[in-house]
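Q: Got a structure here, written out as structure tokens. Questions coming.
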Amino acid sequence: MSFEEEWRQAHANAAANAATRLNSTRDRQQGGGAADLSVRRDDLGVVGGDAYKLHDSLGRDGHHAHESTHTAATALTTRNFTSGAELAKVRDKWDGQLRTLRDACAQISNHLDYSMAAHAKDDEHIGGELLAVSRINAYLK
């Protein structure tokens with residue numbers, strides 16, 4: 001079987017399974033099945049807060065050995081020890097990894113803040129839509 005044929009078959013199977021899941025209400029009618037997406041602002045706030053605290057503490061504490069490492073690397077290099085250059089490489093690698101980790105923490109914190117705001121806005125919009133529908137229903141009764 002060629003790649004194209006396998007791809008078509010896999011695509012058809014995936015489409016059929018998705019349609020079945022999307023069009024099925026059996027699980028929900030029987031009380032089973034939970035919502036696919038559940039957001040609790042408490043959980044997001046805790047994780048976002050922890051990411052923010054970690055970002056700050058890494059910025060404050062992540063460089064405590066920077067100067068002494070630089071001094072040692074310079075001293076070793078001036079005395080013709082090859083370990084001086086290697087120690088400088090380790091320091092530079094540490095700085096790069098620290099920057100990457102701080103950026104990741106900032107992205108997590110910012111993304112969770114954005115997610116909470118977006119979900120609150122979505123909830124407000126949906127609430128407004130449902131209110132409009134309930135008013136229409138009142139007129140139809």
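Q: For the stretch 88-102, give me the residue count where each residue is open to solvent by 50 Å² or more (accessible area, probe 1.4 Å), of a type outside the set (Asp, Glu) and free of Cβ contacts under 8 Å to residues at least 40 places away in the same chain.
A: Qualifying residue count for the region: 7.
Q: Would you tally the residues in the stretch 8-24 being at pLDDT 75 or above and open to solvent by 90 Å² or more (accessible area, probe 1.4 Å)?
A: 2
Q: List pairs: first residue in the stretch 103-128 and among the polar types (S, T, N, Q), second residue in a helix (DSSP H, G or I) anywhere in the structure, Cβ distance under 7 angstrom, at least six positions apart or on different chains.
A: As it stands, the answer is SER109/GLY48; SER109/ALA51; SER109/TYR52; SER109/HIS55; SER115/LEU44, since those pairs meet every condition given.
Q: For LEU37, are the conditions met, namely being modelled with pLDDT under 75, of a type in the set (A, V, I, L, M, F, W, C), open to solvent by 80 Å² or more (accessible area, probe 1.4 Å) and part of a helix (DSSP H, G or I)?
A: Spelling it out, it is not the case that LEU37 is modelled with pLDDT under 75, of a type in the set (A, V, I, L, M, F, W, C), open to solvent by 80 Å² or more (accessible area, probe 1.4 Å) and part of a helix (DSSP H, G or I).
Q: Scan the stretch 44-67 residue by residue and report those that are without any contact (Cβ under 8 Å) to a residue 12 or more places away in the chain and open to solvent by 70 Å² or more (accessible area, probe 1.4 Å).
A: Passing the criteria: VAL46, ASP50, LYS53, ARG60, ASP61, HIS64, GLU67.
The values are calculated or read from the model by the stated rules, or taken from the named source; none is laboratory data. As the structure is a prediction and not an experimental result, all values here were calculated from the model. Don't worry about glycine lacking a Cβ; one is built from the backbone with ideal geometry, like all the others, and counts go over all protein chains shown. The area values use the complete protein model at the heavy-atom level, side chains included, leaving out ligands, DNA and RNA. Shrake-Rupley method; radii C 1.70, N 1.55, O 1.52, S 1.80 Å.
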